[in-house]
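Read-outs: derived from the displayed coordinates by stated rules, not from any lab. All figures in this text were calculated on a predicted structure; none of them were measured in a lab. Cβ coordinates were reconstructed from backbone atoms using ideal geometry, including for glycine residues, and neighbour counts include every protein chain displayed.
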Amino acid sequence: IARITNEASTHGDYDAGTLGALTPAYASLEMFNGDEPHPSDDVYAAAIIAYELFSGRHPYDRIPANEAFAQKLRPKRLTNLSKQQWSALESGLQLTRSTRTQNLTVFRDKLIKKKKTPIFKFLSAALFCITLTIGYFVFFGPDKMSIQAEEAFQKANDCFAQQDFECALDKTEAVLVLLPEHAEAIILREKIKKHIFQQELTQKHQNIKQCIASQDVNCAERELLKLKAFAATSETYTKAQAEVALFKTDYKRSQTLAEANICFNNQNYVCAKEKANLLLYINNNDSEAQKLIHNADKKLAEIEATQNQLNKDYAKAYNQAKACHKQKRYQCAIDHANQAINLKPESSASHDLLQQAKVDLLQQESNLKNAINMVKIGDECLKNVKYRCAIASAESALASVPNYPPALELKQKAKQAQRDVINQDWKLN
């Protein structure tokens with residue numbers, strides 16, 4: 001308030017917009033709503049100053065006009081003012097423009113009972129504030145004004161001691177409205193401002209720490225930007241910047257380590273090594289990353305050894321199946337081909353060999369059945385002394401199953417019987 005008064009007295013201009021820019025506690029409802037500026041906005045700010053001057057407190061407890069309107073607040077009646085004075089002040093404190101005194105001249109004249117003269121029409125905001133102070137002096141006298149100021153100053157000190165800095169600032173500004181040159185109040189105001197600044201600085205730093213505790217990177221970055229905008233040159237910002245950078249590095253590490261462990265648990269050891277190597281790129285002495293790579297290498301070595309043994313076992317089974325097939329030992333070929341497939345289900349060569357062995361086995365069984373039948377026919381022929389028939393049947397059986405023993409035996413018997421008959425006929429002749 002004192003700063004605005006000083007500015008107004010220096011520049012000769014009273015602007016509620018400037019007052020509102022200092023603190024929302026002095027801005028009218030219409031200013032909050034973004035309405036066009038109006039002299040009644042100045043009346044609202046001036047009425048608050050007057051109220052603080054007469055009472056040492058804000059009429060709405062420093063609650064902004066929009067919130068006061070929503071809460072339907074009304075200023076407390078000041079008993080040290082006459083009915084006419086209170087009516088004038090209350091009219092200036094109205095929250096809506098339609099019910100508020102429309103300009104400073106009318107407000108001033110009603111409050112201090114001055115007749116309208118041309119000189120008053122040109123009073124600046126600074127002169128108006130001085131007029132309010134003089135009016136207070138006239139009503140209560142210099143001693144009482146000093147007493148009021150000292151009481152407000154004591155309240156300011158009490159609030160400051162209780163670390164209620166908003167209250168302390170409000171009371172200190174009220175003192176400086178009454179006694180602008182109050183040295184102790186000026187010093188106290190500066191101390192309060194420093195504490196408020198430090199309090200907000202600490203809170204913003206604490207917000208960053210809470211983001212870090214919640215493992216929320218976006219939150220930490222967002223709050224760090226707020227702290228930068230508030231106090232970019234402070235040691236607190238520098239410290240917070242380092243804390244966020246370290247947190248982001250640790251967060252990235254923990255995420256990468258978690259991904260590496262997931263890869264390892266899913267037996268994707270190559271992926272696990274890739275993730276762990278990223279950690280070593282950040283910190284070459286990361287023991288967890290080193291351990292993970294060691295374990296992944298061990299598992300990969302075990303897999304390679306197992307694969308090598310499997311390849312050996314597969315090659316042995318497949319080659320044995322091929323050898324059996326070549327020897328027309330088709331059941332042997334089928335058995336070993338199945339072993340090879342169990343070791344490498346994806347092997348097309350083993351599947352092809354198995355199918356060929358099955359086909360050949362069926363053909364072999366069919367040929368054997370035919371050979372057996374032909375031997376039976378040959379045996380009948382031999383019994384009936386049809387040696388040529390017996391020999392032909394034996395040869396047919398051997399065509400189906402080469403070296404088939406019963407067929408060989410049949411052929412041999414038939415030929416021998418045939419020779420015996422020829423020899424006997426020759427002796428008779």
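Okay, here's what the table says:
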| item | result |
| --- | --- |
| Equivalent ellipsoid semi-axes - Cα gyration tensor, segment 288-429, angstrom | 60, 12, 7 |
| Under 29 Å from the Cα of LYS193 - lysines, other chains or at least 8 residues apart | LYS76, LYS144, LYS155, LYS171, LYS204, LYS209, LYS226, LYS228, LYS239 |
| Kirkwood hydrodynamic radius (C-alpha pairs) into Stokes-Einstein, the chain, 20 °C and 1.002 mPa s, D in µm²/s | 66 |
| Residue among TYR387, TYR318, TYR60 with the largest mean-square fluctuation in a Gaussian network model of the chain, springs linking Cα atoms under 10 Å | TYR387 |
| Table column - 3J(HN,Hα) (Hz), segment 148-160, Karplus curve with 6.51, -1.76, 1.60, x for Gly and Pro | 4, 5, 5, 5, 5, 5, 5, 5, 4, 5, 4, 4, 4 |
| Alpha carbon Rg of segment 175-229, scaled by the compact-globule rule 2.2 N^0.38 Å | 1.71 |
| Rounded, prolate or oblate (a/c below 1.5 giving rounded, otherwise prolate when a/b exceeds b/c) for segment 26-116 by Cα gyration tensor | oblate |
| Most fluctuating residue given options ALA168, ALA399, ALA149, as computed from a GNM of the chain linking Cα atoms under 10 Å | ALA399 |
| Value of relative contact order over segment 316-358, rounded to a whole percent, pairs C-alpha under 8 Å and six or more apart | 41 |
| Diffusion coefficient, µm² s⁻¹, Stokes-Einstein with Kirkwood Rh over alpha-carbon pairs of segment 163-272 at 25 °C and 0.890 mPa s | 143 |
| Sequence ranges 403-414, 359-370, ranked by mean other-Cβ count within 10 angstrom, highest first | 403-414, 359-370 |
| Residue with peak Gaussian network fluctuation, the chain [Cα springs, cutoff 10 Å], from ILE341, ILE293, ILE196 | ILE341 |
